[in-house]
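Only one structure is covered here, and it is reproduced in the block below.
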């Protein structure tokens, strides 16, 4: 008898436990204000947080860049000393790569990827929040090195043994090793999350080859991250142990080969370049078709060239080591592999141009930035081919020619593309447009400043100016172009300033106004089917996908003459965001608390191991709490009405 | 808007044409080869630059054309044809770049084997009246923040190079200036005592890293007598910017004369002041420096970062000091006493270093009398070069 009763009793108490387990692990209610932002698991809010944090670091990295340029404006500059200069260029590189371009790409990926595939959220919303907070914790931790007066000074590439405890006795390189380790956790978690999301959560009918190119590029990038980040993780652990626990992985005096670090770093570091650039390729593959009013030219080739770049990116790392003494056979092999990675990249550029061919081009700000990428990235790609030619690279490597090259790739390719994305998706995210006038001013200032800053670096490099030198002597012919570059860098700064002004002015203008309304750009991909700004639940109903650019096909069809005609207005096609019955994941405290544990461990490793104890406890307790907090809060504002008290609701909800 | 774009493209073109125009006369110019190796690199790089330039013009011009031609003029409301792609075009623009790059890679491989091959050239020299045949070889050792050049006239074959911190005694040791005969291919063996550096004389060859624990082969050859400037190009810490060097190439007979002088030990000082200077040297400087005939190289313990410092036996035969950043002589040929004294007075003030970590010359706390004596002693070490050499090697 008792046996038949017991399950019923258990089920009830289990149900209660799920909703109010001891009252300790109740989930936050969400709602409005800052509490909502720190506990959110909404992919859109997390995307905005990524963007805001990355822009903050962008300003820091930009100020570092301007200080570098001030120091180099004239020969024998005295703005920064040698020591400060070395810290400055190291932190500029680390910040721009790990704390600006990567998280800006993550911002777009987080916000748009679920929308482009017709999903309610990412597969693991709490993990998504964790990625962001861990990234922020790592980024802030790294930058606090400035406050302790001891920023990393061994370059973002951190070549051993110069980064060892003997040659870099300060704490700077520990901040580097631990800080990047923490942001690496964020990248890995996020990569897993987005891969699962793309593979499992696409709307019905959206086959892989109906996904927008942006989603494809983000997917490729996440696979690169999954395989690349572990390599840098290993390298950073070895460095950390060398510096703090007396190991000798990179100590040549004890017989180690310092080239081990170079191999590990660049096996990560080269795919990293594609991690930086592919999201931007994805963005402009959305922008160019929209403003050319044509579909992307050669969609399968765009997708496969992205995949090909992802694969080939693993076979070119030693081109960073052409003068390291790895032997002529290795040099020859990597020289050839590097040359041919230019082919899929070239295919992309020509396909963008072919997309524009025969179109009706509208040069709104996003399109200006996108065409900026097409032409400026080409310069970087071509200078890349000139140092794939290994003998020529022995003259070019570690000179300003290389600095010119990768700024044309990272600034001219990745950053301009991200700015195209800002202007393009701003109405999607905030419900109002960024100003066109200020936008164009922003674009032209940035483009001209960019070319004034980095164009002359080609010349300086070929004139023999080395990289990473805190000063140079007069008489080598470096004076003129260095001054031009410094002026150019401040023009870039002015461009960025106009971007910030644009954000402020357009937000102020939009205040009290109704949102922009649906589909401001006459766009093509699925995210625009939702209203602007996107409602918390994304889609009122999950759309059925029939075609690539399904959204566009809902608006346009062909008449009897085969001419393209509008068949439905945006208002008819777009959802109005009125649905209230979508179940949404509940907010949670634990991603934030877990993330805050990492800096404690970081400071502990540097200053006193005792600090690792509270950090470790925070992390372990958060994981425990994470596992035991109820699936959702009955009172929470997440769209679920909870009329059902049988416990089925609790069974249904995802385990986010 | 197109006007702006056009102006901008003209500006960019200007920049790229200026590359060649502006670089002539600069001492580190990479496009002005003065030896066979750098020439074969240059003759490979130039056509590649041209191909890249043409492709750039096509893409940039094409983009500008698209701007001009397909800009929406709002003349009608018609939608453009929805072209999804063209398989043949895709194949075409996959194959054409592949073929161009295949062509480039053939020439790359040829040049690569050229610059990595070595001649078996042998040079007849006489040392102490004895004729020897020398395969021109120099051991290049980098350390923070200067270069050492070691000449083993019996050849490097039997020399144990496994520990760059404790090298066998060499016949001639110089620093900052490598002296070579013209018309001979000089094989370099490049290594480092501490961190990674990179040896680069742009006029003669590309770079090769100096990696601790490794000995990397490289070579240089100068056509004409002259001075060729270089700079360390792998970031090596604090004073990376201040780690420079020069190759001084001279006719073989002058090189023979240089050898004759350099293998001699230092002369005994004769004046009172220089004798006192030698005592200062023997009490303080010998911890790191070597003067042949006075003290020998001592082994470097594993716990020390470095106590290698430039060999001073023929200091006065070199025209720069402190890692190639200061002139030893004034333009009129007199000793640059002010700079040398400043260096002895407080070296870390003159060039950033971690002197307390024994990396770089420390402040020895010498008084002015000791500095004068020391300069008097140093002046006895080696022969002053010609006024022409002083002029050609001058650094700013």
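From the list A:307, A:267, A:275, A:288, which one is surrounded by 24 or more Cβ atoms within 10 Å (Cβ to Cβ), in a helix (DSSP H, G or I), more than 11 Å from chain B (Cβ to nearest Cβ) and modelled with pLDDT of 95 or more?
A:275
With respect to residue A:469, determine if the residue is in a loop (DSSP other than H, G, I, E, B) and closer than 22 Å to residue A:64 by Cβ.
yes
Working only within region B:70-85, note down all residues that are more than 7 Å from every other protein chain (Cβ to nearest Cβ) and either on the phi > 0 side of the Ramachandran plot or surrounded by 13 or more Cβ atoms within 10 Å (Cβ to Cβ) (or both).
B:74
Table: residues versus (1) in contact (Cβ under 8 Å) with a residue 60 or more places away in the chain; (2) within 24 Å of the chain's Cα centre (by Cα); (3) crowded, with 24+ Cβ neighbours inside 10 Å; (4) more than 20 Å from residue A:105 (Cβ to Cβ).
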position	(1), (2), (3), (4)
A:373	yes, yes, yes, no
A:382	no, no, no, yes
A:394	yes, no, yes, yes
A:409	yes, yes, no, no
A:412	no, yes, yes, no
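Do you know which residues across region B:88-116 are more than 9 Å from chain A (Cβ to nearest Cβ) and under 15 Å from residue B:37 (Cβ atoms)?
B:110
Could you pull out every one of the helices (runs of 4 or more DSSP H) wholly within region B:337-396 that has 1 or more residues that are free of Cβ contacts under 8 Å to residues at least 60 places away in the same chain and either outside the structural domain of residue B:267 (by TED's automatic domain parsing) or farther than 30 Å from residue B:26 by Cβ (or both)?
B:337-345, B:347-350, B:368-378
Can you tell me which residues in region A:240-259 are in a helix (DSSP H, G or I) and either crowded, with 18+ Cβ neighbours inside 10 Å or more than 11 Å from every other protein chain (Cβ to nearest Cβ) (or both)?
Of everything in region A:240-259, those that are in a helix (DSSP H, G or I) and either crowded, with 18+ Cβ neighbours inside 10 Å or more than 11 Å from every other protein chain (Cβ to nearest Cβ) (or both) turn out to be A:240, A:241, A:242, A:243, A:244, A:252, A:253, A:259.
Which residue, of A:83, A:36, is in contact (Cβ under 8 Å) with a residue 60 or more places away in the chain, more than 25 Å from the chain's Cα centre (by Cα) and not in a loop (DSSP other than H, G, I, E, B)?
Details: A:36 fails: more than 25 Å from the chain's Cα centre (by Cα).
Of the residues listed, the single one that is in contact (Cβ under 8 Å) with a residue 60 or more places away in the chain, more than 25 Å from the chain's Cα centre (by Cα) and not in a loop (DSSP other than H, G, I, E, B) is A:83.
Need pairs with beta-carbon distance below 8 Å; first residue at positive phi and within 14 Å of another protein chain (Cβ to nearest Cβ) and within region A:136-159, second in a loop (DSSP other than H, G, I, E, B) and surrounded by fewer than 24 Cβ atoms within 10 Å (Cβ to Cβ); sequence gap 6+ or separate chains.
A:155/A:468
Among the residues of region A:521-532, is there at least one that is touching a strand residue (DSSP E or B) at 6+ places or on another chain (Cβ under 6 Å) and within 14 Å of another protein chain (Cβ to nearest Cβ)?
Checked region A:521-532: no residue is touching a strand residue (DSSP E or B) at 6+ places or on another chain (Cβ under 6 Å) and within 14 Å of another protein chain (Cβ to nearest Cβ).
Does residue A:237 count as at pLDDT 95 or above, assigned to a helix (DSSP H, G or I) and under 23 Å from the mean Cα position of the chain (by Cα)?
No, not satisfied.
Which of the residues spanning region B:48-69 are within 20 Å of residue A:357 (Cβ to Cβ) and at the interface with chain A (Cβ under 8 Å from one of its Cβ atoms)?
B:55, B:56, B:59, B:60, B:62, B:63, B:66, B:67 - these are the residues of region B:48-69 that are within 20 Å of residue A:357 (Cβ to Cβ) and at the interface with chain A (Cβ under 8 Å from one of its Cβ atoms).
In region B:165-175, what count of residues is obtained for those that are buried (at least 24 other Cβ atoms within 10 Å of the Cβ) and assigned to a loop (DSSP other than H, G, I, E, B)? First the steps, then the outcome.
Step one: list which residues in region B:165-175 are buried (at least 24 other Cβ atoms within 10 Å of the Cβ), which gives B:174-175.
From what's left, assigned to a loop (DSSP other than H, G, I, E, B): none.
Qualifying residue count for the region: 0.
Keeping to region A:324-356, report how many residues are in contact (Cβ under 8 Å) with a residue 60 or more places away in the chain and either under 30 Å from the mean Cα position of the chain (by Cα) or assigned to a helix (DSSP H, G or I) (or both).
So the count comes out to 4.
State the number of residues belonging to region A:549-571 that are assigned to a loop (DSSP other than H, G, I, E, B) and either exposed (fewer than 12 other Cβ atoms within 10 Å of the Cβ) or in contact with a strand residue (DSSP E or B) (Cβ under 6 Å, 6 or more places away or on another chain) (or both). Working first, answer last.
Of all residues in region A:549-571, those assigned to a loop (DSSP other than H, G, I, E, B) come to A:549, A:559-563, A:567-569.
Next, only the ones that are either exposed (fewer than 12 other Cβ atoms within 10 Å of the Cβ) or in contact with a strand residue (DSSP E or B) (Cβ under 6 Å, 6 or more places away or on another chain) (or both) stay: A:559-563, A:567, A:569.
The qualifying residues number 7.
Condition check ((1) farther than 22 Å from residue B:313 by Cα; (2) crowded, with 21+ Cβ neighbours inside 10 Å; (3) not assigned by TED's automatic domain parsing to the domain that holds residue B:239) across all residues:
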residue	(1), (2), (3)
B:125	no, no, yes
B:139	no, yes, no
B:149	no, yes, no
B:157	yes, no, no
B:163	yes, no, no
B:199	yes, yes, no
B:203	yes, yes, no
B:207	yes, yes, no
B:211	yes, yes, no
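The values are calculated or read from the model by the stated rules, or taken from the named source; none is laboratory data. The shown structure was predicted, so the numbers you read here are calculated from the model rather than taken from an experiment. No Cβ is skipped: glycine too gets one built from the backbone with ideal geometry, and neighbour counts run over all protein chains shown.
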